[in-house]
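In what follows, a structure is listed as structure tokens, so that the remarks can point back to it.
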Amino acid sequence: MKFLSKVLSVLAIIFLSLGFISCDEFLDEQPFSQVGETQFWQTSGDVESGVAAIYDAMQATYRTKHYLWGEFRSDNHIGSDRVSGANSELVTNNLTPGNTGALRWNDLYLMIGRANLAIQQIPTISGVDNNLLGEAYALRAYAYFDAVRVWGGAPLFLEPIVGLDQDIKKPMTDGQTILNEVVIPDMLRAEELVNIPSREFRFSRASVLAFQAHVYMWIKDYPKANEALQKLLDLNEYDLVTTEQAWQELFLNDVNLGKFQTGPELIFSIRYDLLEDGNGAAGNYSLFFAGIPSFFISPQAENKWINRFPITAEDWTAAYPEFDPPMVIVGPDTLVGDYRYYLTREDRALGEARVAKYAKGNFLSSEDDTNTPVYRYAGILLLKALAENRLGNPEAAAELVTQVRNARSLPPVTVDDMGDDMDSRENFILDERQFELFAEGDRWWDLRMTDKVNVALDTIGQVPDDLLLFPIWEGHIIDNENLTQNPGY
């Protein structure tokens with residue numbers, strides 16, 4: 001998808017930044033020039049550009065926040081001895097309202113504002129591809145769903161801001177209202193409109209269904225989640241990769257080794273391309289593989305992984321006497337165990353390894369254009385395993401876990417292997433998702449949606465219920481007297 005500079009220069013005129021920047025900054029914005037919104041939204045080409053601009057705002061929104069929100073508060077990481085105060089707050093679950101990088105929602109509201117304008121204007125233009133309107137609904141729902149997960153609610157805007165006379169200082173709308181009146185209706189409308197089965201960098205029927213499943217799992221509507229997941233599987237658009245090289249190429253983007261990030265498992269990714277549109281990422285280099293790292297993989301996570309899939313032939317045979325130890329080739333070495341473990345971590349001591357899933361060497365942050373994987377087929381199968389387990393179908397859950405394990409050359413599982421009751425089996429499946437989706441921005445949300453934060457963090461430190469949400473950035477509260485801080489902060 002091309003985000004042409006001339007398109008964005010026009011859109012910059014049309015779309016006010018609905019980001020709750022300071023009042024002075026907001027008043028510095030120019031809402032219109034000679035090109036007004038009614039002059040722009042005229043043709044199908046204008047609609048293409050307008051929807052592209054929503055994705056452009058999505059790139060800006062999630063370049064780091066996909067991971068700051070969904071990854072580092074979990075048990076996946078510890079802080080290094082160089083971790084900054086802001087990043088330290090994440091891994092210690094000691095967030096403060098001054099954490100600008102994690103909490104400022106300007107880009108998120110720019111994304112919402114552009115989606116609102118597209119939803120308003122597209123129906124007025126004849127001959128427009130319905131997929132474009134469906135994408136706008138899906139993108140707005142996606143943004144508001146994250147607002148609910150992160151802050152518990154958000155100021156609600158469903159119409160575009162088109163002039164400075166409108167009141168932008170709204171109070172928070174509670175999350176349940178946003179889910180019921182915006183997220184769920186929008187995502188169902190997207191399903192009606194989007195008929196392209198699959199495409200990685202824009203919402204397709206498959207990614208709309210994946211999104212629906214995550215929303216329904218969040219609200220614990222397991223029958224509807226399972227239904228959405230089955231619809232996705234029935235599209236027959238995706239397959240699991242079956243070699244360690246193909247698995248690594250789903251993620252690898254290294255200046256020296258090349259950008260791969262391709263394969264039949266990738267359902268939806270946020271694309272970054274420095275040459276095409278100048279949009280850089282940041283998650284790969286600045287968060288996971290910076291030369292002076294903020295984060296290391298936690299020993300707790302590594303030890304759990306090694307316990308599940310031992311890394312010596314003797315320990316493997318003791319754990320899986322009927323399954324030959326898988327041999328993993330890493331550089332000049334032949335190792336034993338789960339190749340995902342070795343390909344995810346840097347070859348350093350326990351507690352000192354960076355995530356090496358996306359890159360194997362250092363490079364300039366200005367060269368980072370690593371795509372962000374949002375929905376992946378293996379994750380969908382394991383999410384369905386969680387849903388099936390909750391619906392009282394442990395055999396189906398075990399079959400789904402085994403399907404992923406078979407593709408990774410790992411032993412199959414039985415219901416007995418997973419545990420004696422629903423809760424034990426859920427913990428087992430959550431661990432399988434942790435290993436498969438490590439550093440993909442899922443783990444914190446998995447723990448939140450299953451109410452397992454303090455189970456996972458038991459040996460690290462408990463998180464009080466009123467601190468599970470993120471605080472609202474202090475700058476937003478200063479600028480908007482109608483906002484109140486989340487409890488606990």
Ignoring everything except DSSP H segments at least 4 long, calculate the 222 nm mean residue ellipticity for the chain; use -39,500 (n - 2.57) per segment, divide by total residues, nearest 500.
-14000 deg cm²/dmol
Taking the alpha-carbon centre of each part, the distance from the stretch 360-430 to the stretch 266-287 in Å is 25
Within the accessible area of the stretch 263-400, what % is carbon and sulfur when the probe is 1.4 Å and the other protein chains stay in place?
52
Using amide H atoms built in the peptide plane, which far-off residues or other-chain residues are under 5 Å from residue 376 H to H?
267
Reported to two decimal places, what Rg/Rh ratio describes the chain when computed on Cα atoms with Rh from the Kirkwood expression?
0.96
Once both labels are modelled 7 Å past Cα along the beta-carbon direction, what's the residue 395-residue 167 spacing in nm?
5.9
With no solvent and one point per C-alpha, what does the Debye sum give as log10 I(q)/I(0) for the stretch 360-489 at q = 0.09, 0.13, 0.15, 0.21 Å⁻¹?
-0.40, -0.72, -0.86, -1.17
Ignoring ligands, DNA and RNA, please state the percent of accessible area on the stretch 33-140 from carbon and sulfur, probe 1.4 Å.
45
In square angstrom, what is the accessible area per residue of the chain with a 1.4 angstrom probe?
38
Taking the Cβ of residue 252 as the center, what net charge do the other residues with Cβ under 15 Å away carry, scoring Lys and Arg +1 and Asp and Glu -1?
-2
Within 9 Å, Cβ to Cβ, of residue 360, how many net charges do the neighbouring residues add up to if Lys/Arg are +1 and Asp/Glu are -1?
-2
Lys pairs under 24 Å by Cα in the chain, provided they are eight or more residues apart or on distinct chains:
21
Calculate, in whole percent, how much of the Cα-Cα pair population of the stretch 222-270 lies beyond 17 Å.
49
What is the percent carbon and sulfur in the accessible area of the stretch 407-489, measuring with a 1.4 Å probe over the protein chains and ignoring ligands?
50
Residue-wise HN-Hα coupling along the stretch 41-50, computed from phi with Karplus coefficients 6.51, -1.76, 1.60 (Hz; x: Gly, Pro):
7, 10, 10, 4, x, 4, 5, 4, 5, x
Extended-chain gain in nm, criterion 0.36 nm per residue less alpha-carbon gap, residue 234 and residue 125:
35.9 nm
Relative to the longest principal Cα axis of the chain, at what angle does helix 394-407 sit, 0 to 90 degrees, rounded to 10?
80
For helix 205-218, what angle does its Cα long axis make with the longest principal axis of the chain, in degrees from 0 to 90 and rounded to 10?
80
Using Stokes-Einstein with the Kirkwood hydrodynamic radius over Cα pairs, what translational diffusion coefficient do you get for the stretch 146-213 at 4 °C and a viscosity of 1.567 mPa s, in µm²/s rounded to a whole number?
94
With +1 on the Cβ of every Lys and Arg and -1 on the Cβ of every Asp and Glu, and nothing else charged, how large is the dipole of the chain about its Cα centre, in debye rounded to the nearest 20?
460
Write down the Å³ per residue value for the convex hull defined by the alpha carbon atoms of the stretch 81-127.
105
Quick check: residue separation of residue 363 and residue 275 times 0.36 nm, minus the Cα distance between them. What number comes out in nm?
30.0 nm
Residues whose modelled amide H sits under 5 Å from the amide H of residue 336, counting only those 5 or more places away in sequence or on another chain, are 328
Over 5 Å intervals from 0, what percent of Cα-Cα pairs in the stretch 281-322 sits in each interval?
6, 20, 16, 12, 13, 12, 10, 8, 3
Answer in debye to the nearest 20: the dipole magnitude of the stretch 169-241 about its Cα centre, from +1 Lys/Arg and -1 Asp/Glu charges placed on Cβ, is 300
To check my understanding: the extent here is largest minus smallest coordinate of the Cα atoms along each principal axis. What are those three numbers for the stretch 216-328, in Å, largest first?
53, 45, 28
Given that compact globular proteins tend to follow 2.2 N^0.38 Å, what is the ratio of the alpha-carbon Rg of the stretch 241-296 to that value?
1.26
Work out from phi, with θ = phi - 60° and the Karplus expression 6.51 cos²θ - 1.76 cosθ + 1.60, the ³J(HN,Hα) of each residue of the stretch 61-71, listed in order in whole Hz, and give x for Gly and Pro.
5, 9, 4, 10, 5, 3, 8, 4, 7, x, 10
Residue 298 neighbourhood, Cβ < 10 Å, K/R = +1, D/E = -1, net charge -1
Relative to 2.2 N^0.38 Å, what does the C-alpha radius of gyration of the stretch 262-336 come to as a ratio? Two decimals please.
1.62
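The values are calculated or read from the model by the stated rules, or taken from the named source; none is laboratory data. Treat the numbers as computed from the prediction; the structure is a model and nothing was measured. Here the Cβ is made from the backbone with ideal geometry for all residues, glycine too, and neighbour counts use every protein chain on show. Side chains are part of the model used for accessible areas, which takes the heavy atoms of the whole protein and leaves out ligands, DNA and RNA. Shrake-Rupley method; radii C 1.70, N 1.55, O 1.52, S 1.80 Å.
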